[in-house]
Amino acid sequence: MGWIITILVGALCGWLASMIMNTNAQQGAIANILIGIVGAVLAQWIFAGLLNIGGANAAGGGFSFWSIIWGVVGSVILIAILKAVKVLR
């Protein structure tokens, strides 16, 4: 059940980030899920691991308000990186 929640939260985060970054038309559902999951891991590593921001510790703990927020933040960062290296337009 944990993997299903992770995939659903990742999909939601990836979709929200693609709407924010205006790349939703280029990405499909699989890309949204992957970007959302990788973005949540990226946010967990940057904000909780390196910067020791307390709310980011919730990003890896399943479904919560903070997991959505940090997942979207990480996904937006990931999309910005992908746009910078011309993977996304």
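What follows is calculated from the coordinates using simple rules that are stated; it is not laboratory data. Every value quoted in this text rests on a predicted model; they were computed, and no experiment measured them.
What the table shows:
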quantity	calculated
C-alpha long axis of helix 65-84 to longest principal axis of the chain, angle in °	40 degrees
Nearest-ten-degree value, helix 2-20 long axis tilted from longest Cα axis of the chain	50 degrees
For the chain, calculated [θ]222 nm from helices alone, where every DSSP H run of n ≥ 4 adds -39500 (n - 2.57)	-20500 deg cm²/dmol
Using alpha-carbon coordinates, inclination of helix 29-43 to the longest axis of the chain, degrees	40 degrees
Computed lengthening from residue 26 to residue 87, 0.36 nm per intervening residue step minus Cα-Cα distance	20.9 nm
